[in-house]
Protein chains: 2
Amino acid sequence: MKVNKLEKFNIKKIDGGICAPVGFLAAGIYCGLRKNKEKKDLALIYSETVCNAAALYTSNKVKADPIYVTMDHIKDGNAKAVIVNSGNANACAPKGKENAIRMAESAAKALGIEKKDVIVASTGVIGVPLDIEVIESNIPMLSNILSRKGSSDAAEAIMTTDTYKKETAVSFELHGKEVKIGGISKGSGMIHPNMGTTLSFITSDVNIDGAILDKIWRYCVDRTFNRISIDGDTSTNDMACIMVNGLANNPMISDESDEGYEVFLAALMKVCTHLARELARDGEGSTRLISCTVYNASDEDKAGIIAKSVISSSLTKAALHGGDANWGRILCSAGYSGVDFDYRKVDIAFRSAKGEIMVCKNGRGLLFDENQASLILSTEETCVLINLKEGNESATAWGCDLTCEYVNINGSYRS
Amino acid sequence: MKVNKLEKFNIKKIDGGICAPVGFLAAGIYCGLRKNKEKKDLALIYSETVCNAAALYTSNKVKADPIYVTMDHIKDGNAKAVIVNSGNANACAPKGKENAIRMAESAAKALGIEKKDVIVASTGVIGVPLDIEVIESNIPMLSNILSRKGSSDAAEAIMTTDTYKKETAVSFELHGKEVKIGGISKGSGMIHPNMGTTLSFITSDVNIDGAILDKIWRYCVDRTFNRISIDGDTSTNDMACIMVNGLANNPMISDESDEGYEVFLAALMKVCTHLARELARDGEGSTRLISCTVYNASDEDKAGIIAKSVISSSLTKAALHGGDANWGRILCSAGYSGVDFDYRKVDIAFRSAKGEIMVCKNGRGLLFDENQASLILSTEETCVLINLKEGNESATAWGCDLTCEYVNINGSYRS
């Protein structure tokens, strides 16, 4: 299942976010969960027809109650709506499960659908009781304003400390039919400082078999959302969910050998890669996006593990914040990633819009121009390139720099 | 192998550091590796008789060359001296292995001993050639000033960004003989900002069998130096080494059932726990020591893994820096530690010299007095207490807060 044909498909970026695919509506409002009335805090996504749905959740042993409710509701592979709030994680809070179920029931009632077709998610502070009444009293109004232009409002309503909305959409052609995929995500955040919860909701009008969708979704999330790190803290509430309603009317993709399989995967990777990069770029306190590509590895998983270890290193993150070409830290963080490689073969280079410079060859330092290096690292987006020289596989991971602002955001009082 | 009798042994803290045990000499000087002449950068430790020695090294796949040389020299279980420099890690540097061997040869020659009885260690920036000539030309003078009062100079010479020296010593009685243990350590540091290398050297005049020493050393390091984290970055140069020369003349400890076994282990744990706590307290940019004790666990390893996950969490470290009793982050970081537990049974409390407060009971938040909590957290040393309520085992890990100063130290240019 390789995405080596991304270029040959004519995948176009389009407007509309999660409402770009046919049959999807969305809305976002301020319902009263947050103290700051300037920020929306309740979102609803709705498909006019029933969807095949797949979701992946946090691996944390401590899971928020909405996660368990969604797991239960989605086990038949179908969904029609998503209700999600920010400002409160509904994790480790009194009556957590009861309140997550009430959110789903309330949305189901307003939409005239079954409770089991509603996906529920929350993000915000842990351990504080959820004000379920304020959510229930606002859901009817929220469902009334569902629209094809609601993606941006929904994207805003799921934000916490995000500094901008994350939404994207693409279209491509499949057997003469136009197929669209849209997505929204949120990054690290709080109203009270809290964990770096990520939530991602993807919609598509593609016609695809549920089992194949599950498989594609795991493949894609493993290479996009699971390849980012802001601070190494895995939240209790993470959820990445895809809903497809088939309204593009393409011949059903029911097998990996189907022609549509590859193009849909390529398009989905494009959407999720875009959102994952934006989450990393907008990490708490971040001033720049850092990507790490490990190439010429013997296998892709190994390359991915090394790349993620590099972008997760506090020392590397702090060095790149300061524009310091401290490649020793990069080789060091590759070394403790847990996978085996011969560091005596490794080359390391930095690349950005300002150029590229090699700083380490065969595991030993090169004499390099420090001024040129700091120029290359003084950019909004920097790529660390690691050549293992042992095979043909590669992988990229994304993170951000470590700043005082991160410390300030997370060191202040919850209230 | 439990340390439950620590209190019953009369283990006294004494002066003298690594020179407290009979037969050990040490010295530390400025030889010219560092730009700042105010800081010593070359240390020598010497035992008048041959020692049983055991060492544990970094698990990083990228190991500095002195590590490999020491592994080779120590494989017969004996050593008589340690030569160690700061200011340069001799890792991923040209002629690294050759230079590490030359350090050992030079020390052996000056001391009139065999090269294979010299342990070599380095700490400092990665990838920069070591100035071996300046080391070689200073070793004769260094060996001339070896003395029983040299522990502090040696402790200073191995420091990098440490803000104070770490040394300690204890004595206890064994079959009517006084036995002593001394130790020095260094924490996270740089002359050019670099990784948080730890080096620890322990001396003792105890008479103990080499195989038993190996076993005790691993047990002790796993529960002390391996239970601290400053920033999650495992260095290329870490080394923890113990040398014992038997000059206390106690009947040899050759079995776990020997009476001396327990008291020596208890005393060694005391020395290493002290040094480990000091390393955590003096972590780069740190303003406070954070300890986490997980108790009533079903096994000790599990308790240790959870405790280390908590003190390693960037979010928890930033929250505690700000005096924020954000227990949700603590439960979250326990949850992603990788071990299984029922969070619905977990209680969490904070304790310091200013008191104790419970903030979470049975996995749900308690209403607590925020002012009292921030008073308790406004101390130089804070303990997080996690009660798993599933067994009788416990473990403690040590770390520090995450501060702007950490970002500043590690974001500045190497030169």
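Just so you know, all these numbers are worked out from the coordinates, no wet-lab data involved. The structure displayed is predicted, hence computed values, not measured ones. Backbone-built Cβ (ideal geometry, glycine too); neighbour counts: all protein chains shown.
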Checklist entry - What does the charge add up to near residue A:297, with Lys and Arg as +1, Asp and Glu as -1, over the other residues with Cβ less than 10 Å from its Cβ? => result -3
Item to check | Counted charge near residue B:274, where neighbours are those whose Cβ lies closer than 9 Å (Asp, Glu -1; Lys, Arg +1) | outcome: +3
Checklist entry - Which trypsin sites (Lys or Arg not before Pro) in segment A:75-133 pass both tests, a DSSP loop state and at most 13 other beta-carbon atoms within 10 Å? => result A:75
Checklist outcome for this item: Volume per residue (Å³) of the convex hull spanned by the alpha carbons of segment B:289-411 is 91 Å³
Item to check | Principal axis dimensions, largest first and in whole angstrom, of segment B:1-95 by Cα | outcome: 51, 34, 26
Checklist outcome for this item: Of all DSSP beta bridges with both partners in the protein assembly as shown, the antiparallel percent, nearest 5, is 75 percent
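State the antiparallel share, in %, of DSSP beta bridges confined to chain A, rounding to the nearest 5. Working shown, then result.
Numbers: 57 of 78 bridges.
Given both bridge residues lie in chain A, the antiparallel proportion sits at roughly 75 percent.
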Next on the checklist: Please report, for residue B:114, the nm distances (one decimal) from its label point, 7 Å out from Cα along the beta-carbon direction, to the equivalent points in the remaining copies, shortest first.
Outcome noted: 7.9
Next on the checklist: I need the Debye-formula profile for segment B:214-284: one equal scatterer per C-alpha, no solvent, reported as log10 I(q)/I(0) at q = 0.11, 0.16, 0.29 1/Å, two decimals.
Outcome noted: -0.34, -0.65, -1.49
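What's the average, rounded to a whole number, of partner chain beta-carbon atoms within 10 Å of each residue's beta-carbon in A:398-411? Present the calculation step by step, with values, prior to reporting the outcome.
Values: counts 0, 0, 0, 2, 7, 3, 7, 2, 6, 13, 4, 3, 13, 14.
If you average over the peptide's residues, the count of other-chain Cβ atoms is 5.
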Next on the checklist: Please compute the length gained on full extension between residue A:14 and residue A:68, using 0.36 nm multiplied by the number of residues separating them and subtracting their Cα-Cα distance.
Outcome noted: 16.0 nm
Next on the checklist: Using a 7 Å offset from Cα along the direction of the beta-carbon, what are the separations from residue A:140 to the same position in each other copy, nm, ascending?
Outcome noted: 9.6
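Take peptide B:135-144, look around each residue's Cβ out to 10 angstrom, count Cβ atoms belonging to other protein chains, and average those counts. Don't skip to the end; give the middle numbers.
Values: counts 0, 0, 0, 0, 0, 0, 0, 0, 0, 0.
So the per-residue partner count for this stretch is 0.
Viscosity 1.002 mPa s, temperature 20 °C: what is the translational diffusion coefficient of segment A:249-356 from Stokes-Einstein with a Kirkwood Rh over Cα pairs, rounded to a whole number of µm²/s?
Stokes-Einstein gives a translational diffusion coefficient of 131 µm²/s.
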Item to check | Within segment A:241-267, backbone nitrogen closer than 14 Å to the virtual label 7 Å beyond the Cα of residue A:177 toward Cβ | outcome: A:244-255, A:259-261, A:264
Checklist outcome for this item: Longest principal axis of chain B (C-alpha) makes with the long axis of helix B:96-111 (C-alpha) an angle, in degrees to the nearest 10, of 60 degrees
Next on the checklist: For a quick check, take a GNM of chain B with Cα springs below 10 Å and name the residue from B:103, B:243, B:358 with the largest mean-square fluctuation.
Outcome noted: B:358
Next on the checklist: On the rotation axis linking copies A and B, which residue of A comes nearest by its Cβ, and by how many whole Å?
Outcome noted: A:404, 2
Next on the checklist: List the Cys residues of chain A that have no partner Cys with a C-beta closer than 4.7 Å.
Outcome noted: A:19, A:31, A:51, A:92, A:220, A:241, A:272, A:292, A:332, A:360, A:383, A:400
Checklist outcome for this item: Among A:385, A:137, B:294, the residue whose Cα sits farthest towards the positive end of the charge dipole of the protein assembly as shown, when +1 is placed on the Cβ of each Lys and Arg and -1 on the Cβ of each Asp and Glu, is A:137
Next on the checklist: Suppose each label sits 7 Å from its Cα in the direction of the beta carbon; what would the residue B:163-residue A:95 distance come out to in nanometres?
Outcome noted: 4.7 nm
Item to check | When the convex hull of its Cα atoms is projected in every direction, mean area for the protein assembly as shown (nm²) | outcome: 33.8 nm²
Item to check | Cα-projected label distance for residue B:361 with residue A:141, points at 7 Å along beta-carbon direction, nm | outcome: 3.8 nm
Item to check | Mean separation of Cα contacts under 8 Å, 6 or more apart, over the residue count of chain B: relative contact order % | outcome: 17 percent
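Pairwise over distinct Cα atoms, reciprocal of the mean inverse distance: report the Kirkwood radius of chain A in Å, one decimal place.
On the way: mean 1/r = 0.0457 Å⁻¹.
One decimal place: 21.9 Å for the Kirkwood radius.
With all pairs of different alpha carbon atoms counted, what Kirkwood hydrodynamic radius in Å does segment A:200-255 show? Mind dumping the intermediate values first?
Numbers: mean 1/r = 0.0785 Å⁻¹.
Evaluated over segment A:200-255, this radius sits at 12.7 Å.
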Checklist entry - Which parts of segment B:317-348 would a label at residue B:299 reach, counting a residue when its backbone N lies under 13 Å from a point 7 Å out along Cα-to-Cβ? => result B:339-340
Next on the checklist: Using the Cα centre of segment A:289-411 as origin and beta-carbon charges of +1 (Lys, Arg) and -1 (Asp, Glu), tell me which of A:368, A:325, A:398 is placed farthest towards the positive end of the dipole.
Outcome noted: A:368
Checklist entry - To the nearest 10 degrees, how steeply does helix A:259-281 sit against the main Cα axis of chain A, on a 0 to 90 scale? => result 80 degrees
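Quick check on segment A:289-411: of the DSSP beta bridges with both residues there, what percent are antiparallel, nearest 5%? The partial results should precede the final answer.
Working: 19 of 26 bridges.
The antiparallel fraction comes to roughly 75 percent.
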Checklist outcome for this item: Note on segment B:332-380: C-alpha Rg/Rh, Kirkwood Rh, two decimals, gives 1.05
Next on the checklist: If each label sits 7 angstrom from Cα along the C-beta direction, how far apart, in nm, is residue B:35 from its counterparts in the other copies?
Outcome noted: 4.5
Checklist entry - Thinking of segment A:66-128 as a set of Cα atoms, what percent of all their pairs are more than 21 Å apart? => result 17 percent
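Note down the net charge around residue A:306, summing +1 for each Lys or Arg and -1 for each Asp or Glu among other residues with Cβ under 14 Å from its Cβ.
Details: positive: A:227, A:302, A:308, A:329, A:345, A:389, B:61; negative: A:299, A:300, A:301, A:340, A:342, A:347, A:390, A:393.
Value of the local net charge: -1.
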Item to check | Distance in nm between pseudo-label sites at residue A:408 and residue B:249 (7 Å out along the Cβ direction from Cα) | outcome: 6.6 nm
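About its Cα centre, how strong a charge dipole does the protein assembly as shown have in debye, to the nearest 20, once Lys and Arg get +1 and Asp and Glu get -1 at the Cβ?
Charge dipole of the protein assembly as shown: 760 debye, to the nearest 20.
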Checklist entry - Taking the Cβ-Cβ separation of residue B:344 and residue A:131 as r and a Förster radius of 25 Å, what is the calculated FRET efficiency to the nearest 0.05? => result 0.65
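Which whole number gives the average count of other chain Cβ atoms within 10 Å of the Cβ atoms across peptide A:118-128?
Numbers: counts 0, 0, 0, 0, 0, 0, 0, 3, 9, 11, 2.
That average works out to 2.
Kindly state, to the nearest 0.05, the FRET efficiency for residue B:222 paired with residue A:48, given R0 = 41 Å and r defined as their beta-carbon distance. Could the numbers behind the result be given before it?
Values: r = 59 Å, r/R0 = 1.44.
It comes out at approximately 0.10.
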